[in-house]
1. Full extension from V100 to R127: what is 0.36 nm times the residue separation minus their Cα-Cα distance, to one decimal in nm?
2. With θ set to phi - 60° and the Karplus curve 6.51 cos²θ - 1.76 cosθ + 1.60, what are the ³J(HN,Hα) couplings of the stretch 90-98 in order, to the nearest whole Hz, using x for Gly and Pro?
Amino acid sequence: MADRLVVALDYDDTLSQTSLAKVRWAHNAQFNLAAYPSPLLEQLWTAAAPEAAFYADPRAGLAHCEVVEGALAAVQQLARVAKIVVITAGYDEHYVPKQVWLARHFPGLIHEMVFLKPGETKAEHCRRLGVSVIIEDRYDYAAGCAQAGIEAILVKRYSWSNGPALPHLQIVDDWPAATRKALELLEEPLVAPA
């Protein structure tokens with residue numbers, strides 16, 4: 001399979017419930033995501049303690065982020081037909097903790113993780129990596145890829161997922177719908193999990 005299809009995934013809030021974990025960590029609370037509308041979550045996330053402290057805290061930080069519901073099954077399904085890459089933004093000190101988290105929660109499924117450097121776009125990396133489809137939770141990143149002609153699937157979970165429809169941009173509500181749409185775009189049949 002030298003010419004395997006490539007699917008790119010975002011990390012924060014697409015695979016890992018990073019925002020929820022950061023809010024719980026910063027506000028020292030058992031925070032229930034379902035009880036808060038996403039604009040409030042975004043406000044709490046913005047007002048939270050510095051990100052560096054969150055990522056460095058071995059008691060609570062990134063190591064304790066939960067997998068987004070449906071993400072593991074979706075990645076397992078997509079990895080059967082495509083090479084999976086993760087394209088994410090973050091500081092250099094976040095790279096190793098994110099790699100460790102991916103290896104623990106998605107063992108053997110992620111081919112590569114790429115960190116955006118200042119001034120780089122996800123669309124640029126998608127082109128360089130030969131990405132057929134990207135799955136993302138942030139509208140601006142998904143729209144940038146779609147405008148570059150890359151098929152983008154926006155999993156609409158938060159207020160930052162809002163934006164107008166565009167060519168090459170599919171908007172879905174959850175991972176099962178994202179998986180179906182990605183397989184459709186890749187022209188692959190949906191296979192029942194083993």
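1. Computed gain between V100 and R127 is 7.1 nm.
2. x, 8, 3, 5, 8, 4, 5, x, 5
Throughout, read-outs are computed from the coordinates displayed, never taken from laboratory work. Keep in mind that this is a model prediction, so the values were computed, not measured.
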